[in-house]
Amino acid sequence: MGTTLVEIYLQSSQRAVRLSVDNAGMSSAAPAVEVNRIGKRYSDGPPALTEVSFVAHRGEVTGLLGPNGAGKTTLIRIVTTILAPTTGTFDVLGLSPRQSTQIRAGIGVMPESAGYPKRKRGVDYLTYHGRLFGLAAEAAQHDAMRLLDQVGLAGRAGDRIGTYSRGMRQRLGLARALINDPEVLFLDEPTLGLDPSGKRDILDLIRQLADERGAAVILTSHLLDEIERVCDRAVILKDGVVVFDASVTAGLADTFLAATS
Amino acid sequence: MTTVAREEFTDVWIRGWGLWILLGMAVTLSSVAIGLAYTSQINLLDAREGLAILVRISLGVGLLLAAFAAADAISGERDRSTLECILLTPTPPRSLVAGKLVVAFVWWLAAFVVSLPYLWAMCVGLGGSAALVVAGIIGALLAVTLTAVAGTASILSRSNLHAFGFVFLITGVLAVPGLLPAAMMRGSIGSAVLRIDPVAAAQHVINTVIVDQQPLADVVTWMISPVVGAVVAVAVVARAARRIALEPRS
């Protein structure tokens, strides 16, 4: 199914409505995401992040690696404007955190622990989110069906989400992250719960999003082989600190083990 | 706001249990109305007292439904882990809250509409159209107040349990002064409490207009606290809506 899924995506990647942030004054060479010395401390614990910096470019897939509790999800929540950093700053698509509404309009996010309304049908769920991004009702429904087709859920579009398996919900989450045709995509553990074939399909799609549409993709994963397979760059976090930030090369596993042990 | 409201409306009234709950309410009101009418007929209860009781019950049920729906608005999404995906859209938080609270208010409206035939039946012979008008005005004001208060609690609560607990508590606190024997609420302090508490003031208005048959103009000053309560509650929830967080501060 992997090839088919990618082909379908390429055929339908043209959108009538496309959110543009080019008027923010950035050149195409500027990083899509630039994180500068971000720190985060929750009131009841040690620092979750300490002076984290990295950049992500258009057309690249950046992998955030790290053991549990390393701060990957916190970092993504900060950069997607859901959490405020304690220190440091960032910009996404040339927009500062104060322009959170504009940032949200231009990014797609697949949170790791996202819940789904069990009584809603898959197509209704996606259509609703399309509407929240400002799409007209008809366009939202059209895009919802197109995306469900792309992630292999067209046959279950009319079923309640409560009847979906874990892997199907992951696919639905990915479709939701793409509903606004984002220029930057944040995927927190996107292959969690998928079978090997499903993983391959999703990773192929992620790679295509970066290669063909020039989207900047930032994904977190525990799985080194996933990072090695699709990422151009890897950022390894340990206890909220960046311990490695470089292009992905062979032997990343050794680097990861050395950096996090 | 309309996108959120439309979706919430569909969730409650088409996909959800809204109509079934209203059906249950209608059945309950039927039993209560029959009981009250029979009790009035055998002269154990004044017909106007019976009408006032039915007004209180119908308003109370509608208000509780609206308040608990509002309490679920944000903390419910938080509990179900669906809030993050909604917050990640460019929809302004105020629109999100407004859409949800409008649909919570509809709970009261729907409950009131369901109770109208029963109230009308109880009004026959009593010239009670004023009772329906008073019930509508007072109920709408209290519904706005409680919906906004519960919505604020939902925004600031870590879980539905906390939000529901707060709504239960605040509803009880507001209802108690109006339920106490009149003798306990005499004097300047008692009178002030009854006037300040919007629920107690509403009960006073209902008693005065329906049971004592006084014109609404005579108790218009008692409407101040329900009106002020509604305005303040809406202002507070509008302010709180700007601070919706994935995890509210402790």
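Each value in this text was obtained by applying a stated rule to the coordinates, not by laboratory testing. Just so we're clear, the structure is a prediction, and the values are computed from it rather than from any experiment. Glycine also receives a Cβ, built like all others from the backbone with ideal geometry; neighbour counts cover every protein chain displayed.
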Per-residue mean of C-beta atoms belonging to partner chains within 10 Å, peptide B:77-84: 4
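Per the Kirkwood definition applied to all pairs of different Cα atoms, how many angstroms is the hydrodynamic radius of chain A? Please list the in-between numbers first.
On the way: mean 1/r = 0.0537 Å⁻¹.
Result for chain A, one decimal place: 18.6 Å.
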Rg ratio (alpha-carbon, reference 2.2 N^0.38 Å) - region A:145-261: 1.16
At R0 = 35 Å, FRET efficiency that the Cβ-Cβ distance of A:Ala139 and A:Ser113 yields, to 0.05: 0.75
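Rounded, prolate or oblate: pick one for region B:60-121, where a ≥ b ≥ c are the square roots of the eigenvalues of its C-alpha gyration tensor, a/c under 1.5 means rounded, and failing that, prolate if a/b is larger than b/c, else oblate.
Numbers: a/c = 4.61, a/b = 2.60, b/c = 1.77.
Taking the square roots of the gyration eigenvalues as a ≥ b ≥ c, region B:60-121 is prolate.
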Ranking of B:Trp107, B:Trp20 by count of other Cβ atoms within 10 Å, fewest first: B:Trp20, B:Trp107
Ascending count of other beta-carbon atoms within 10 Å, so fewest first, for A:Ile38, B:Ile53, B:Ile14: B:Ile14, B:Ile53, A:Ile38
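Using only alpha carbons, build the gyration tensor for region A:53-183 and give me the equivalent ellipsoid semi-axes, biggest first, whole Å.
On the way: eigenvalues 156, 62, 34 Å².
In descending order the semi-axes read 28, 18, 13 Å.
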Coarse-grained scattering of chain B at q = 0.09, 0.16 Å⁻¹, given as base-10 log I(q)/I(0) from a Debye sum over alpha-carbon atoms: -0.42, -1.15
Overall form of region B:1-107 per C-alpha gyration tensor (a/c, 1.5; a/b vs b/c): prolate
Within straight-line cross-link reach of A:Lys199, lysines at Cα separation under 24 Å, skipping those fewer than 8 residues along the same chain: A:Lys72, A:Lys118
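With all pairs of different alpha carbon atoms counted, what Kirkwood hydrodynamic radius in Å does the protein assembly as shown show? Don't skip to the end; give the middle numbers.
Values: mean 1/r = 0.0391 Å⁻¹.
Across the protein assembly as shown, the inverse of the average 1/r is 25.6 Å.
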Alpha carbon centroid spacing (whole Å) that separates region A:172-226 from region B:1-69: 49
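Can you give the Kirkwood hydrodynamic radius of region B:4-62 from its Cα pairs, in Å with one decimal?
Numbers: mean 1/r = 0.0762 Å⁻¹.
After inverting the mean inverse Cα-Cα distance, the result is 13.1 Å.
Once you order the gyration tensor axes a ≥ b ≥ c over the Cα atoms, which shape class does region B:119-187 get: rounded for a/c under 1.5, otherwise prolate or oblate by comparing a/b with b/c?
Values: a/c = 3.19, a/b = 1.63, b/c = 1.95.
Here region B:119-187 falls in the oblate category.
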